[in-house]
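Some notes on the structure that comes next.
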Amino acid sequence: MSGSGTCLTVTTMSIANKGIRDRRLRSRRYRAPRSARPLDAAIVNALQRRADVVVQKSLAEGFGLTVAEAMWKGRPVVASRVGGIEDQIESDKSGLLIDDPKDLQAFGEAVVRLLADEAEARRLGAEARRQVIRKFITPCHLIEQGRLIQEILSRTPA
């Protein structure tokens, strides 16, 4: 999925034959006008829920909302090792991180690896969901912020 100005572009991929020997990766692109913005969230949600693998190929990223949403849905994620995504995904534990965001070969190999090994994809997706719950749900953040404030206050001289 990508967005630029007037359109939201969604690329879906599927394997024509899930057998190991004769696989053909099919890709389709859909373009929706940005005037359909209220539908964007519903479209993204539906696509992520049906996805076998979610890919976030970013050159730079603060906090990857797409990554967090996919992890919450228990989907395996293949993403660039950039910015906040590194804080979200533990590579080979809760998703797969690609060191060079411009390395299309590595992204492709990671996606095919997960499509070919459904057990690994399920394991990564399940751990991704546990990690989101553990690290990024709002009450957890509030508790951590409260602890940080207490720590700072305990160091400040009266």
query = Would it be correct to say that Glu118 is of a type in the set (D, E, K, R) and within 14 Å of the chain's Cα centre (by Cα)?
reply = no
inquiry  = Among the listed residues Glu86, Glu69, Glu61, identify the single one that is of a type in the set (D, E, K, R), at pLDDT below 95, part of a loop (DSSP other than H, G, I, E, B) and surrounded by 13 or more Cβ atoms within 10 Å (Cβ to Cβ).
reply    = Glu61
ask   = Scanning for something of a type in the set (Gly, Ala, Ser) and over 12 Å from the mean Cα position of the chain (by Cα), does the range 71-86 turn up at least one residue?
value = yes
message = Quick test for you: out of Leu148, Leu153, Leu124, pick the one residue that is closer than 30 Å to Asp52 by Cβ and either at pLDDT 85 or above or aliphatic (A, V, I, L, M) (or both).
response = Leu124
ask   = Checking Val77 against (1) outside the structural domain of His141 (by TED's automatic domain parsing); (2) touching a strand residue (DSSP E or B) at 6+ places or on another chain (Cβ under 6 Å), which single condition isn't satisfied?
value = (1)
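The values are calculated or read from the model by the stated rules, or taken from the named source; none is laboratory data. For clarity, every value in this text was computed on a predicted model and none was experimentally measured. Cβ: placed from backbone, ideal geometry, glycine included. Neighbour counts: every protein chain shown.
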